[in-house]
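*Asks:* Dropping a structure here in structure tokens format, bear with me for questions.
Just so it is clear, none of the values below were taken in a lab; they were calculated from the coordinates. Treat the numbers as computed from the prediction; the structure is a model and nothing was measured. Backbone-built Cβ (ideal geometry, glycine too); neighbour counts: all protein chains shown.
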Protein chains: 4
Amino acid sequence: MNVLSEKVHVVFDTTLRLIAEHGLHNTPMSLVSKQSGISTGAIYHYFESKETLINELYLYVKEEIMNKVFEDMSADSQYKENYFLIWNNYFEYLINNPTVLSFVEQCSIAPIIKEETRKKAEQFIAPLIQFITKGIQKGVLRDTDIHLILAYLNGSVVITAKLHISKQLIINKKMKHMAIETSWRGLAN
Amino acid sequence: MNVLSEKVHVVFDTTLRLIAEHGLHNTPMSLVSKQSGISTGAIYHYFESKETLINELYLYVKEEIMNKVFEDMSADSQYKENYFLIWNNYFEYLINNPTVLSFVEQCSIAPIIKEETRKKAEQFIAPLIQFITKGIQKGVLRDTDIHLILAYLNGSVVITAKLHISKQLIINKKMKHMAIETSWRGLAN
Amino acid sequence: MNVLSEKVHVVFDTTLRLIAEHGLHNTPMSLVSKQSGISTGAIYHYFESKETLINELYLYVKEEIMNKVFEDMSADSQYKENYFLIWNNYFEYLINNPTVLSFVEQCSIAPIIKEETRKKAEQFIAPLIQFITKGIQKGVLRDTDIHLILAYLNGSVVITAKLHISKQLIINKKMKHMAIETSWRGLAN
Amino acid sequence: MNVLSEKVHVVFDTTLRLIAEHGLHNTPMSLVSKQSGISTGAIYHYFESKETLINELYLYVKEEIMNKVFEDMSADSQYKENYFLIWNNYFEYLINNPTVLSFVEQCSIAPIIKEETRKKAEQFIAPLIQFITKGIQKGVLRDTDIHLILAYLNGSVVITAKLHISKQLIINKKMKHMAIETSWRGLAN
DNA sequence: CATGAATGAGCATTCATTCAT
DNA sequence: GATGAATGAATGCTCATTCAT
């Protein structure tokens, strides 16, 4: 889905992994360089600064997530079914890409992510906003603020994934169903 | 409730404020020293390292939160009433202490918080665990994993407080009630 | 007057302009490449190194200056008239080519200009040496060291041009005459 | 004459020497640190940045020069005598402090010296301006622009000192007298 | 010959920590 | 105990130069 240079991808992957491992601020560019096998100079050829790299990676990852979330969605299905599908897609992506979860979580408050980047990232969630709006209009979801619903949906997935990844709680099929249902019951009419 | 030296408190307060303002990694010890009026030497007398300071502040803050959460709780009240009280206490504390929320969120994945510290912090939530256990035993809460419930309870408060503080959504009384109810509906039978 | 490749000239011009604008050490080769439209590879084909480029540009510019200085000189004229002509030619060239002045001044002490280059550049001033020698022999100039006279002549032109270019002092015709005369009175018998 | 910390002086002296030897842009802070025996951290404790260090050194040196220039000047002396004294003081200081000459010359066009610094440095030459003004009023100096006179006076000293230091011309007593006289004849009525 | 992506040594600067006073 | 000047390893970034195409 991307026409990015091969090297950009290597840098992205390496950075993602290193930040998940060592944290946003314990990941020097020199380490990214060494581990990716790409010289610092080359990295700075593709990215203006470390900040730029992180911000672009953030956008890349956010877009990737959204692309996964709506996979296999059918227009024919019941709203609830689609809700479960979205939740499940999102959850599966996160637990299969724990570095993404770690990275995104670390970015969630970090000032290194610029306001402009956050704005851009919000555009990716347009389909989700649309999905929620439709749910309210249909009367399937309770009529409350869209951002609150979005935050709860997102939050429930992320929290569950974190519990799973941190091994505080093994989320098997049954448990996952319980988690999805918990969030659904909170939001649905 | 603590017998910590006056200076330790000043350092804690200053650090909390600075980390909320500038971030966990843009808060040099020299700045903490300057802004608190306590020399770096003195700070290093009380805290072995910056890491130690952050970890102890984390514990201090987590304990403080838990103390607030159970304030004014009555054994006579209905379970749901107490759930609402806890949620409300927690929420009000966070929105009145946004630096605490910011600090805790920044710490939530940061590797600077050691496993041992996280373990210790979990002890403070014992009363909450007990409260949830009781809810399940009574059949008021759905019978699922306690950590999942805990995470959802905590998550719903934090998410709502973040929406409020970031001004993405002004949480008035009605909206707050909606938020509490959303979480309650998800977790209750 | 030169059979240098077209490209070499473009590189020279670009470098001259950039060094005048940004300084000898804030002019990366990559910028010369970008602004001249000639790839770094090609530049390194013509010049062994940045140092070589600067040194050759220095020689080129020094020769250019000397060519201008003796323009329109007549063997018939009075010595003083020729002195005034030389001074004026030199001065006019500098104020019409401020990038040259800036470049030459920056090079005047910079270690990037090699001793060998300075030696070569001195050969260009042979006609000036000759002119001064003749002046001494004729008894028109005071009998002192030729290099001192040369330095004073050069110095008075350069200083005056710098005052003009930096706009500390607008050198109109009258002022220019005063400047020339000042230097002449110092050196003449 | 200064109440600067001992360390500041050591840094100044080291920087002056290194810049004279290696040039303004081949003098890394690490080398200043190593050669001065003062850690980079300590240098950055005294100076905000390399730029600040250079600018403050520039002011320090300019003030020092001016202090030397007026040494032993008597109000009773003839104007010409004082002119010779000033010229001589300035010249002797420069040839005894060749690193100062090299440094000041390198700074003369370098953009690292900020406009504000140049403005401040101009205040030090007030006594010289006054001296020249008096000369014009008395009719001893030719009535031309003060900045032109100042530039020629300064220029003649600097040029002569450079010839001497570079060993292009050994300036003995007689030669020095000739040089002073040359400049005086140019400027005087 | 020409290109320009890639290299990596080198630089300015920061900041956790120490220790002489 | 308290101070804060001093340390120096570590980091983000630059840029002269090379070399595969």
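*Asks:* Between the label point of B:Arg185 and that of the same position in each other copy, find the distances and list them shortest first in nm, with every label point placed 7 Å from Cα along the Cα-to-C-beta direction.
*Replies:* 1.2, 9.9, 10.5
*Asks:* Under a Cβ-only charge scheme (Lys and Arg +1, Asp and Glu -1), can you give me the dipole magnitude of segment C:38-117 about the Cα centre, in debye to the nearest 20?
*Replies:* Dipole about the Cα centre, nearest 20: 200 debye.
*Asks:* Within a 10 angstrom radius of each residue's Cβ in A:170-177, how many Cβ atoms of other chains show up on average? Whole number is fine.
*Replies:* Mean inter-chain Cβ contacts per residue within 10 Å come to 1.
*Asks:* Another one. Say a paramagnetic label sat at a point 7 Å from the Cα of A:Asn67, along Cα to Cβ; which residues of segment A:1-42 have their backbone N under 13 Å from it?
*Replies:* A:1-5, A:9
*Asks:* At 7 Å along the Cα-to-beta-carbon direction for both A:Ser74 and A:Lys50, put a label point, then send me their distance in nm to one decimal.
*Replies:* Taking the two extended label points, one gets 4.9 nm.
*Asks:* Report, as an integer, the average count of C-beta atoms from other chains found within 10 Å of each Cβ along B:178-187.
*Replies:* 5
*Asks:* Hey, what's the Cα Rg ratio for segment A:81-132 versus the globular rule of thumb, 2.2 N^0.38 Å?
*Replies:* 1.31
*Asks:* Just which residue of chain C brings its Cβ nearest the axis of rotation onto chain B, and by how many angstrom, rounded whole?
*Replies:* Smallest Cβ distance to the axis, with its residue: C:Asn26, 14.
*Asks:* What does the convex hull of the Cα atoms come to per residue for segment D:1-139, in Å³?
*Replies:* Hull volume over Cα atoms, normalised by residue count, gives 117 Å³.
*Asks:* Here is a follow-up. Which whole-number percent gives the relative contact order of segment A:81-189, counting Cα pairs below 8 Å spaced six or more residues apart?
*Replies:* 36 percent
*Asks:* Something else now. How fast does the protein assembly as shown diffuse by Stokes-Einstein, in µm²/s, taking the Kirkwood radius from C-alpha pairs at 10 °C and 1.306 mPa s?
*Replies:* Diffusion coefficient, whole number: 48 µm²/s.
*Asks:* Using amide H atoms built in the peptide plane, which far-off residues or other-chain residues are under 5 Å from D:Leu141 H to H?
*Replies:* D:Ile136, D:Asn189
*Asks:* Using the Cβ atoms and a cut-off under 13 Å, what net charge is assigned to the surroundings of C:Ala75, where Lys and Arg are +1 and Asp and Glu are -1?
*Replies:* Computed value for this residue: -2.
*Asks:* Next up: Return the distance in nm (one decimal) between the two label points of a simple spin-label model at A:Ser166 and B:Asn96, each offset 7 Å from Cα along Cα→Cβ.
*Replies:* Label-label distance for A:Ser166 and B:Asn96, simple model: 2.7 nm.
*Asks:* Using a label position 7 Å from Cα in the Cα→Cβ direction, what is the ascending list of nm distances from C:Asn26 to the same site in the other copies?
*Replies:* Inter-copy label distances (nm, one decimal, shortest first): 2.1, 2.5, 3.9.
*Asks:* Another question, if that's okay. One decimal, nm, shortest first: give the distances between the label point of C:Glu122 and those of the same position in the other copies, each label point 7 Å from Cα along Cα→Cβ.
*Replies:* Computed spacing set for this position: 3.7, 7.1, 8.2 nm.
*Asks:* What does the net charge come to around C:Leu18 if you take all other residues with beta carbon closer than 13 Å to its beta carbon, with K and R at +1 and D and E at -1?
*Replies:* So the environment of C:Leu18 carries a net charge of +1.
*Asks:* Also, I was wondering about something else. Please name whichever of B:Asn97, B:Trp184, B:Thr117 sits farthest to the positive end of the charge dipole of segment B:55-187, dipole taken about the Cα centre and charges placed at Cβ: Lys and Arg +1, Asp and Glu -1.
*Replies:* Comparing the listed Cα positions along the dipole, B:Trp184 ranks first.
*Asks:* If you wrap a convex hull around the C-alpha atoms of segment A:60-189 and split its volume per residue, what is the figure in Å³?
*Replies:* 111 Å³
*Asks:* Please give every one of the aspartates and glutamates within straight-line cross-link reach of B:Lys174, meaning a C-alpha to C-alpha distance under 17 Å, and leave out same-chain neighbours fewer than 8 residues apart.
*Replies:* A:Asp143, A:Asp145, B:Glu81, B:Glu92
*Asks:* Which value, in debye to the nearest 20, gives the size of the charge dipole of chain C about its Cα centre, when Lys and Arg are +1 and Asp and Glu are -1 at the Cβ?
*Replies:* 480 debye
*Asks:* Determine the sum of side-chain charges near C:Ser33: Lys and Arg each +1, Asp and Glu each -1, restricted to other residues whose C-beta is under 15 angstrom from that of C:Ser33.
*Replies:* Combined, the nearby Lys, Arg, Asp and Glu give +3.
*Asks:* Counting alpha carbon pairs within less than 8 Å and at least 6 residues apart, what relative contact order, in whole percent, applies to chain C? Working shown, then result.
*Replies:* Numbers: 136 pairs, mean separation 40.1, N = 189.
Answer for chain C is 21 percent.
*Asks:* Let me ask something additional. Divide by every residue of the protein assembly as shown the summed helix terms, -39500 (n - 2.57) for each DSSP H run of at least 4, and state the resulting mean residue ellipticity at 222 nm, rounded to the nearest 500 deg cm²/dmol.
*Replies:* Estimated from H runs of four or more residues: -23500 deg cm²/dmol.
*Asks:* Once you place label points 7 Å from the Cα toward the Cβ at A:His147 and C:Glu81, how far apart are they in nm?
*Replies:* Calculated label separation equals 8.6 nm.
*Asks:* Using alpha carbon coordinates only, what is the Rg to Rh ratio of segment D:113-175, with Rh defined as the Kirkwood radius?
*Replies:* Working: Rg = 14.9 Å, Rh = 13.7 Å.
Reported Rg/Rh (Cα atoms, Kirkwood Rh): 1.08.
*Asks:* While we're here: Between A:Asn88 and B:Asn189, take the C-beta separation as r, use R0 = 30 Å, and let me know the FRET efficiency to the nearest 0.05.
*Replies:* 0.80
*Asks:* If you count, for every residue in B:111-121, the Cβ atoms of partner chains within 10 Å of its Cβ, what is the mean?
*Replies:* 1
*Asks:* Still on this model: Would you mind computing the Rg to Rh ratio of segment C:54-107 from its alpha-carbon coordinates, Kirkwood style for Rh?
*Replies:* Using Cα coordinates only, the ratio equals 1.06.
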